[in-house]
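Chemist: The structure follows.
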Amino acid sequence: MKLTDIQTFVVGNPPPHFGGRYFVFVKLTTDSGVSGIGEAYCVPFDPHLVAQMIEDVFARYVVGQDPHDIENMWRRVYSSGFTQHPDLTLMGVLSALEMACWDIIGKEASKPVYKLLGGKVHERLRAYTYIYPRPGDKSDVYHDPDLAATRAAEYLEQGFTALKFDPAGPYSAFDGRQLSLEALDLCERFACQLRQAVGTKADLLFGTHGQMTAAGAIRLAKRLEPHDPLWLEEPVPPDAPEEMAKVARATSIPIATGERLTTKYDFARLLRVGAAAILQMNLGRVGGILEAKKIASMAEVDHVQIAPHLYCGPVVGAANIQIATCSPNFLILESIESWGGFHSAILNKPIRFEDGHVIPSSEPGLGVELNEDVANANPYTGTMLHLEMTQHPVR
């Protein structure tokens, strides 16, 4: 079996844009006619350029190769251009290609990918969602703790037992910073009112997107501790795991991080310094499915758990499900609400969601198929990137 063809899709995510402004998908096909799909997460260039990058890497290192030879492909792409370094861009490209190869491997074997990586450990996967805005909201749910508490109660009715929120303020290209007293007060109010709203029926997941210095994060953590969040997410920027470790040592709140990291090498640095209790690799960036499995196994040695990150499309979501299902140290899965809306429309069969849990598919490969008619009918025509940061310091 040899890989022969590639097709890329740059798909605009219609309003309300939950999961980002667009998704970049890839479809690989073999000489026997078997196809697989993958997705690249948040590569920091125009998405049409990213699609060209994927096609370029395919032409250089992947075409004509057997999709089963994951390790061989991984090393050659990882070393492309004399790099051998955890590069966000190249790893996003490699992740999409590797994911599509696993989809093909599973289809060839007539098995879900998780059956080929150790088998099913979890029958269903506990999921969480961000607290999202709704049309007609009279205030901003990200900055109004009263509205957020009301929305949290609505998510509990849908079966969710964990909710994430980030009221600390805009993330800036100039972070980390010390939060203002006003921002600290708002964060404390959010945690207090959400805890009152959900009681012990749901965990609270406090996101920060690397906004603080270690000292600033410790100040915030002391205010949050009485409300017992399940985690404090990425309290400092991702380039300094030693600083994150300072926060981990200073608070009883578990530290979660990893969405902006790639490869086993980045995650090994976290584990060596004790920076996190929960690893949040994004399978559309980290280096693919097998790399995520290696990271999960490394974490298992230190009794560290995994909570795969997702703020993108459902193909990464499907890959996350595969790795979560076969990993003993899986904790919780990020969902875009209950996988409805465009995340459902872009697939021929939606991800199965029941009572706050994702049910792993028994279909071969990733367990999902891209609806190419929907993908082609929704091209991305904008100029903004998937996610962007405030371009000035936040005071």
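The values are calculated or read from the model by the stated rules, or taken from the named source; none is laboratory data. The shown structure was predicted, so the numbers you read here are calculated from the model rather than taken from an experiment. Note that each Cβ is placed from the backbone with ideal geometry, even for glycine, and that neighbours are counted across all protein chains shown.
Each row is one residue, and each column tells you yes or no for (1) surrounded by 21 or more Cβ atoms within 10 Å (Cβ to Cβ); (2) under 22 Å from GLU108 (Cβ atoms); (3) modelled with pLDDT under 95; (4) over 23 Å from the mean Cα position of the chain (by Cα).
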position	(1), (2), (3), (4)
PRO47	yes, no, no, no
PHE58	yes, yes, no, yes
PRO67	yes, yes, no, yes
ILE70	no, yes, no, no
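Chemist: Turning to a different aspect of this structure: Identify, from the list VAL113, VAL93, VAL77, VAL121, the residue that is of a type in the set (A, V, I, L, M, F, W, C) and out of contact with any Asp or Glu (no Cβ under 9 Å at 6 or more places or on another chain). Show your work before the answer.
Modeler: Numbers: VAL113 fails: out of contact with any Asp or Glu (no Cβ under 9 Å at 6 or more places or on another chain); VAL93 fails: out of contact with any Asp or Glu (no Cβ under 9 Å at 6 or more places or on another chain); VAL77 fails: out of contact with any Asp or Glu (no Cβ under 9 Å at 6 or more places or on another chain).
Result of the check over VAL113, VAL93, VAL77, VAL121: VAL121.
Chemist: Please work out if ALA127 is touching a residue at least 24 places away in the same chain (Cβ under 8 Å), buried (at least 17 other Cβ atoms within 10 Å of the Cβ), assigned to a helix (DSSP H, G or I) and among the small types (Gly, Ala, Ser). Give the steps one after another, and end with the answer.
Modeler: Numbers: touching a residue at least 24 places away in the same chain (Cβ under 8 Å): yes; buried (at least 17 other Cβ atoms within 10 Å of the Cβ): yes; assigned to a helix (DSSP H, G or I): no; among the small types (Gly, Ala, Ser): yes.
Considered against the rule, which asks whether it is touching a residue at least 24 places away in the same chain (Cβ under 8 Å), buried (at least 17 other Cβ atoms within 10 Å of the Cβ), assigned to a helix (DSSP H, G or I) and among the small types (Gly, Ala, Ser), ALA127 comes out as no.
Chemist: For ARG134, indicate whether it is in the same structural domain as LYS294 (by TED's automatic domain parsing), assigned to a helix (DSSP H, G or I), over 30 Å from ASP266 (Cα atoms) and charged (D, E, K, R). Before the answer, list the steps.
Modeler: Numbers: in the same structural domain as LYS294 (by TED's automatic domain parsing): yes; assigned to a helix (DSSP H, G or I): no; over 30 Å from ASP266 (Cα atoms): yes; charged (D, E, K, R): yes.
For ARG134, the condition - in the same structural domain as LYS294 (by TED's automatic domain parsing), assigned to a helix (DSSP H, G or I), over 30 Å from ASP266 (Cα atoms) and charged (D, E, K, R) - is not met.
Chemist: Wholly within the range 210-312, which helices (runs of 4 or more DSSP H) include no fewer than the required count, namely at least 2 residues that are closer than 19 Å to TYR41 by Cβ? Lay out the reasoning, then the answer.
Modeler: Numbers: elements: 214-224, 241-250, 263-273, 289-301.
Per the criteria, 263-273, 289-301.
Chemist: A further question on this structure: Suppose we filter ILE278, ILE289, ILE295 for residues that are touching a Lys or Arg at 6+ places or on another chain (Cβ under 8 Å) and either of a type in the set (A, V, I, L, M, F, W, C) or in the same structural domain as MET99 (by TED's automatic domain parsing) (or both); which single one remains?
Modeler: Values: ILE278 fails: touching a Lys or Arg at 6+ places or on another chain (Cβ under 8 Å); ILE289 fails: touching a Lys or Arg at 6+ places or on another chain (Cβ under 8 Å).
Testing whether each residue is touching a Lys or Arg at 6+ places or on another chain (Cβ under 8 Å) and either of a type in the set (A, V, I, L, M, F, W, C) or in the same structural domain as MET99 (by TED's automatic domain parsing) (or both) leaves just ILE295.
Chemist: Moving on. For the range 198-216, check the following and say yes or no: at least one residue is within 27 Å of ARG126 (Cα to Cα), in contact with a Gly (Cβ under 7 Å, 6 or more places away or on another chain), assigned by TED's automatic domain parsing to the domain that holds LEU310 and not hydrophobic (A, V, I, L, M, F, W, C). Walk me through how you get there before you give the answer.
Modeler: Within the range 198-216, the first condition is being within 27 Å of ARG126 (Cα to Cα), and the residues that meet it are 198-210.
Filter again for in contact with a Gly (Cβ under 7 Å, 6 or more places away or on another chain), leaving 210.
Subset that is assigned by TED's automatic domain parsing to the domain that holds LEU310: 210.
Going one step further and asking which of them are not hydrophobic (A, V, I, L, M, F, W, C), we end up with 210.
Yes.
Chemist: Within the range 339-346, does at least one residue satisfy the condition of being hydrophobic (A, V, I, L, M, F, W, C), assigned to a helix (DSSP H, G or I) and out of contact with any Leu (no Cβ under 8 Å at 6 or more places or on another chain)?
Modeler: Filtering the range 339-346 for residues hydrophobic (A, V, I, L, M, F, W, C) gives 339, 342, 345-346.
Keeping just the survivors that are assigned to a helix (DSSP H, G or I) gives 342, 345.
Keeping just the survivors that are out of contact with any Leu (no Cβ under 8 Å at 6 or more places or on another chain) gives 342, 345.
For the range 339-346, residues hydrophobic (A, V, I, L, M, F, W, C), assigned to a helix (DSSP H, G or I) and out of contact with any Leu (no Cβ under 8 Å at 6 or more places or on another chain): present.
Chemist: Taking into account only those residues within the range 1-44 that are outside any loop (DSSP other than H, G, I, E, B) and of a type in the set (S, T, N, Q), which is nearest to GLU337 (Cα to Cα)?
Modeler: In the first step, residues of the range 1-44 are kept if they are outside any loop (DSSP other than H, G, I, E, B); the result is 3-12, 22-30, 35-40.
The next check asks that each one be of a type in the set (S, T, N, Q); those that pass are 4, 7-8, 29-30, 35.
Numbers: THR4: 37, GLN7: 29, THR8: 26, THR29: 32, THR30: 35, SER35: 29 Å.
For the range 1-44, the residue satisfying everything is THR8.
Chemist: Any residue in the range 44-73 that is among the charged types (D, E, K, R) sitting within a Cβ distance under 6 Å of a residue that is assigned to a loop (DSSP other than H, G, I, E, B)? List the pairs, counting only those 6 or more apart or interchain.
Modeler: ASP66/MET1
Chemist: Which numbered condition trips up ARG151, out of (1) among the charged types (D, E, K, R); (2) closer than 30 Å to ILE37 by Cβ; (3) in a helix (DSSP H, G or I)?
Modeler: Failing condition for ARG151: (2).
Chemist: To continue, here is another question. Condition first: aromatic (Phe, Trp, Tyr), in a helix (DSSP H, G or I) and more than 25 Å from ILE332 (Cα to Cα). Now tell me which residues in the range 66-123 satisfy that. Break it down into steps so the answer makes sense when it comes.
Modeler: Kept after step one, since they are aromatic (Phe, Trp, Tyr), are these residues of the range 66-123: 74, 78, 82, 102, 114.
If we keep only those that are in a helix (DSSP H, G or I) as well, we get 74, 78, 102, 114.
Once the filter is applied, which keeps residues that are aromatic (Phe, Trp, Tyr), in a helix (DSSP H, G or I) and more than 25 Å from ILE332 (Cα to Cα), the range 66-123 yields TRP74, TYR78.
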